[in-house]
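Colleague: First the structure, which I've put down as structure tokens, then a few questions once you've had a look.
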Amino acid sequence: MVRSLSLPHRKLVTLRFRLPYYTQWGQNLVILGSETAFGSWDPASAFSMSPQHDGDVLFWIASMQVVPEDWTKEVSYIYCVVDHDSRRVLRSESGCPHKFSLPEIELGENARIDIHDLWQDASSPESFLTSSAFQGVIFHSLRSDASSYTDDNALLSETSSYSDTKDGTLVQFKIRCPRSQTGQAVFVAGIGPHGNLLKLSFVGDSVWQGNCVVTQSSFPLKYRYILKDGIDAVSEVGADRELLLKADQNTYPEVIVIDDGYFKANPWRGAGVAVPVFSLRSEDDIGAGEFLDLKLLVDVSVQAGLHLIQLLPVNDTSVNGMWWDSYPYSSLSVFALHPLYLRLQCLSSNLPHDIQEEIKHAKDSLNLKDVDYEATMATKLSIAKKVFILEKDKVFNSSKYQDFFSENKNWLKPYAAFCYLRDFFGTSDHSQWGVYSKFSEEKLDKLVAPTTDHYGSIAFNYYLQYHLHLQLSEAANYARSYGVVLKGDLPIGVDRNSVDTWMYPTLFRMNTSTGAPPDYFDKNGQNWGFPTYNWEEMSKDNYGWWRARLTQLAKYFSAYRIDHVLGFFRIWELPDHAATGLMGRFRPSIPLSQEELEREGIWDLNRLVRPYIQYHVLQEMFGEDCDTIAKRFLNEYDHSCFEFKEEYNTEKKIVKATESMEEPYRSSKSNLISLLQEVVLMQDPDGSKSYYPRFNLHQTTSFQDLDEHSKQVLQRLYHDYYFNRQEGLWRENAFKTLPVLLNSSNMLACGEDLGLVPACVQPVLHELGLLGLRIQRMPSKPGVEFAIPADYEYGTVCAPSCHDSSTLRAWWEEDESRRKRYLRDVLYYAIDPPAKCEPFIVYAVLQHHMAAPSMWAIFPLQDILALRDLYAQRPAKEESINDPTNPRHYWRFRLHITLETLRHDVELLHEVNELVETSGRSMPSGAAFALDDGQHGNGAEKIKLGNERNQTAVDMTANGNENHLE
């Protein structure tokens, strides 16, 4: 008999943990947790488990005896897979740890409690729903404990008549149901003789829990969980769950604690839109999109049934003081927001008439087809300074500002000081700042002291960042209130002349550059110019700089994209004298050793690392200008063998020198760089006996002129270096860094994993619960021209294009033979493809992506607008956001329609909404939101969504949409 009594003194209780899990040979399982017996979170002291087969299932079992009064009230723990010999952790559970506390009941002497757990997999479809994107936005309402279910007469509780039976076993049911909403509760069905329901209580972290005493004769217990409100009920999908009562030496457990993992439901799928903030256009912004324009985009998204808005980075990039700063991935500060996105009208509720007129004039003069970055920045800073002079005392004395400053001063003070020094010295290159070249807290305090003559410049930057924070927060809160996720972007690099490299120089390898090897975007690779990271130094404080970045990002966003997530496995590192992205190597990586090469019969290493410049190569490359070019740039060191003169022997030297030269020298720049790249191997500057194969070495004349044996050996070693030998190292490297990022916030994380993707990447992303990216024109399978969205995995984001590629319309128009193949092999249309990407083609492409298994289908706004001829009049090439082949690309694309216009295009929004609904990517059941157009001053009627969305859209668009496919 089970009674609620205090625990006797020094009584022993046996805990037996039981976990079904398959391991590989040489692997063991351990329990790692907060209790001393579980190692106090030290893997070396974790509690070992033993394997045990039960039929076809492998269980891992661990038993221990505890003294209840010595046991922590609540224990947190996870399961880990460790190497049998070294006990090195190979894999561990992700997400919220298991929690266990002893039941407050009287237990017999040597009583046994069985704990049945399931491995918590980060890639489980339901585990993604525990992120703040869902718990804080899409399922944003506070969970109910369902205490108002007075109308249900079939409820079973802990006080049922079963508590009086002498052979009862107390069963504690525990389930994670992250999709439950206000007014709903979770029940267990099937545990009573009359089909009773056990009502569970919400205990936090999406967990529902409840106890029930079950007679031994009722086992095996078949049951399932149900999510219900006062009217409707949704049962788990799949077969019933089953609980067996296991005897141990002819005794049964007095308590069974069963953690059933996640509520089994069809995977949630959603849709969203991607657009940079600067590309937005509204009736209120000046020269570029602004943070507060996002509120209008939220309205558009809700009406279209979209749940997510994906942005490019919004950090300050004001490094050079010119249009080069339009590049959003070259951060001046990874914490500060960009003044480009400031709305001047909202700096004060009492702007003087002359400033209002100046704003009005600026709005008209900067209402251009594209963003004029320099003019917009100059105008906004000029007007903002005038408002600052009028408002600074009022703002700085407010409690809101003081709270903001106190919370952000660790990055805000260095940022403001950096901006002042940048302007004072006329450069962001802090190596040119004399005594201020090296950062110190002492120098910083003097620079930002309120008593200095330049304090106004310092304070102005405080003021700007405060208002940018207020405006982005307002947009983020607005999006959250309407169930729309804002997705930010975490750039892989920072500008080498940035606040971060000034403050933390040891965290960066300043004599190198970051980039990407040749890929879909550029046959010469990409050189982004960022310094690479000193991961060893970063690890000393457990990657505190990265954790601080994620904390800051989470203030505004509930999801984020990790730019170039491959860089956390390995980075393509280039010497600082490189101009292109071709002559790099992976860091970290295992190079080819001199011993290894010589063992394979490769002896003449000098021949392979030296640019192979023969006279016949010059003739083929430069034709009749061959001798002229050779005389200007090269020295002949042997008969018909040449080398570059000292002043031209790097890529950057060639670029700089040819810029001011006459013809034919100026136009020879790219060929000269190609000539410099005529090597097969690159010698490691840090180790004279280590070598790296040049990317695509087989395409060089140097390789083609080798003997057959050398070619075969080098081709084999090349393949081994790029596709085999690094996999274990790169996997290990990713597990040092990525978990730190993912555990720094509860945002939904997505990784941009395009390009040359190592084999280890997809398994690691899957294991960590990190969504990958799928672009149809960049298939991951070799030898395939177009990926098929129906084949995508659930843990992915799919899209027809992205900001680094041409838009769907432009891609369609680029290649006639390709669009024929696409129409035939992907869309299965037996017609001649139109020269332009007609709306029916756009609809079909979007429909294919909406129907994909991917968790998210996110479309560039340009691709959505292409559903209507009205918005497809602009030349398609002008809609591209970035040109990855051009390191000096001007990021200035701007929509040619206002968000107000788009917001009232009911026909288009209904068509997108219908695509969302018919694909099963609709908002959660029961969600209902109302948009008050009056918030934006236009007095339009409210539009109700949720369960009424379809009917509303039909009512507003009686004639449907003529572009729908039959």
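The values are calculated or read from the model by the stated rules, or taken from the named source; none is laboratory data. If you're wondering where the values come from, they're calculated on a predicted model, not measured in any experiment. Heads up, the Cβs are rebuilt from the backbone with ideal geometry, glycines too, and the neighbour counts pull from every protein chain shown.
Colleague: Say we look at the stretch 500-517 and pick out the residues that are of a type outside the set (Ser, Thr, Tyr) and closer than 19 Å to residue 563 by Cβ; which of these is surrounded by the fewest Cβ atoms within 10 Å (Cβ to Cβ)?
Modeller: Ranking the candidates gives 509 first.
Conditions tested, residue by residue: (1) basic (Lys, Arg); (2) in contact (Cβ under 8 Å) with a residue 12 or more places away in the chain.
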position	(1), (2)
361	no, no
373	no, yes
377	no, yes
386	yes, yes
404	no, yes
415	no, yes
435	no, no
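Colleague: Out of 255, 234, 298, report the one residue that is of a type in the set (A, V, I, L, M, F, W, C) and in contact with a helix residue (DSSP H, G or I) (Cβ under 9 Å, 6 or more places away or on another chain).
Modeller: Being of a type in the set (A, V, I, L, M, F, W, C) and in contact with a helix residue (DSSP H, G or I) (Cβ under 9 Å, 6 or more places away or on another chain) holds for just one of 255, 234, 298, which is 298.
Colleague: Another question about this same structure. Which of the helices (runs of 4 or more DSSP H) contained wholly in the stretch 551-658 include at least 2 residues that are assigned by TED's automatic domain parsing to the domain that holds residue 708 and closer than 30 Å to residue 727 by Cα?
Modeller: 594-599, 605-609
Colleague: Additional query: Hey, among 117, 85, 42, 70, which residue is without any contact (Cβ under 8 Å) to a residue 40 or more places away in the chain and either out of contact with any strand residue (DSSP E or B) (no Cβ under 9 Å at 6 or more places or on another chain) or under 23 Å from residue 178 (Cβ atoms) (or both)?
Modeller: 70
Colleague: Shifting gears a bit: Go through the residues of the stretch 109-119 one by one and say whether even a single one is of a type in the set (Phe, Trp, Tyr), outside any loop (DSSP other than H, G, I, E, B) and closer than 27 Å to residue 766 by Cβ.
Modeller: No, the stretch 109-119 has no match at all.
Colleague: Of the residues that sit in the stretch 262-286 and are touching a helix residue (DSSP H, G or I) at 6+ places or on another chain (Cβ under 6 Å) and of a type in the set (A, V, I, L, M), which one is nearest to residue 120 (Cα to Cα)?
Modeller: Among them, the one singled out is 271.
Colleague: Among the candidates 485, 499, 494, which residue alone is in contact with a helix residue (DSSP H, G or I) (Cβ under 9 Å, 6 or more places away or on another chain), among the β-branched types (Val, Ile, Thr) and closer than 30 Å to residue 139 by Cα?
Modeller: 485 is the lone residue from the list that is in contact with a helix residue (DSSP H, G or I) (Cβ under 9 Å, 6 or more places away or on another chain), among the β-branched types (Val, Ile, Thr) and closer than 30 Å to residue 139 by Cα.
Colleague: Contact list please: Cβ distance under 7 Å, first residue in the stretch 226-245 and more than 14 Å from residue 180 (Cα to Cα), second residue hydroxyl-bearing (Ser, Thr, Tyr), pairs at least six apart or on different chains.
Modeller: What qualifies is 240/223; 241/223; 245/169; 245/252.
Colleague: Of everything in the stretch 201-225 that's without any contact (Cβ under 8 Å) to a residue 60 or more places away in the chain and of a type in the set (Ser, Thr, Tyr), which residue is surrounded by the most Cβ atoms within 10 Å (Cβ to Cβ)?
Modeller: 225
Colleague: Which one is surrounded by the most Cβ atoms within 10 Å (Cβ to Cβ) among residues in the stretch 349-399 that are farther than 22 Å from residue 288 by Cα and among the aliphatic types (A, V, I, L, M)?
Modeller: Ranking the qualifying residues of the stretch 349-399, first place goes to 395.
Colleague: Checking residue 394 against (1) among the charged types (D, E, K, R); (2) more than 37 Å from the chain's Cα centre (by Cα); (3) farther than 27 Å from residue 362 by Cβ, which test does it fail?
Modeller: Result: residue 394 passes all but (3).
Colleague: Looking at 449, 459 in this structure, which one is touching a helix residue (DSSP H, G or I) at 6+ places or on another chain (Cβ under 9 Å) and in contact (Cβ under 8 Å) with a residue 60 or more places away in the chain?
Modeller: 459
Colleague: Also, I was wondering about something else. Only one residue in 832, 804 is over 31 Å from the mean Cα position of the chain (by Cα) and modelled with pLDDT under 95, so which one is that?
Modeller: 832
Colleague: Considering only the stretch 184-200, I want to know if a residue exists there that is among the charged types (D, E, K, R) and part of a loop (DSSP other than H, G, I, E, B).
Modeller: Taking every residue of the stretch 184-200 in turn, none turns out to be among the charged types (D, E, K, R) and part of a loop (DSSP other than H, G, I, E, B).
Colleague: Please verify whether residue 927 is small (Gly, Ala, Ser), modelled with pLDDT of 95 or more and farther than 24 Å from residue 285 by Cα, treating the condition exactly as stated.
Modeller: For residue 927, the condition - small (Gly, Ala, Ser), modelled with pLDDT of 95 or more and farther than 24 Å from residue 285 by Cα - is not met.
Colleague: Where residues in the stretch 446-471 are part of a helix (DSSP H, G or I) and polar (S, T, N, Q), which of them is surrounded by the most Cβ atoms within 10 Å (Cβ to Cβ)?
Modeller: Looking at the filtered set, the residue picked out is 465.
Colleague: Among residues belonging to the stretch 673-728 that are surrounded by 19 or more Cβ atoms within 10 Å (Cβ to Cβ), within 29 Å of residue 645 (Cα to Cα) and without any contact (Cβ under 8 Å) to a residue 60 or more places away in the chain, point out the one that is nearest to the chain's Cα centre (by Cα).
Modeller: 697
Colleague: Would a scan of the stretch 256-267 turn up a residue that is within 19 Å of residue 15 (Cβ to Cβ), in a loop (DSSP other than H, G, I, E, B) and of a type outside the set (Val, Ile, Thr)?
Modeller: No, the stretch 256-267 has no match at all.
Colleague: Further, regarding this structure: So which of 847, 862, 873 is more than 19 Å from residue 269 (Cα to Cα), surrounded by fewer than 23 Cβ atoms within 10 Å (Cβ to Cβ) and not charged (D, E, K, R)?
Modeller: 873
Colleague: State the number of residues belonging to the stretch 472-493 that are of a type outside the set (Gly, Ala, Ser) and in a helix (DSSP H, G or I).
Modeller: Count: 5.
Colleague: Filter the stretch 648-672 down to the residues that are surrounded by fewer than 17 Cβ atoms within 10 Å (Cβ to Cβ) and among the hydroxyl-bearing types (Ser, Thr, Tyr), then identify the one that is nearest to the chain's Cα centre (by Cα).
Modeller: 670
Colleague: Just one of 854, 801 is surrounded by 16 or more Cβ atoms within 10 Å (Cβ to Cβ), within 27 Å of residue 741 (Cα to Cα), among the hydroxyl-bearing types (Ser, Thr, Tyr) and touching a helix residue (DSSP H, G or I) at 6+ places or on another chain (Cβ under 6 Å); which is it?
Modeller: 801
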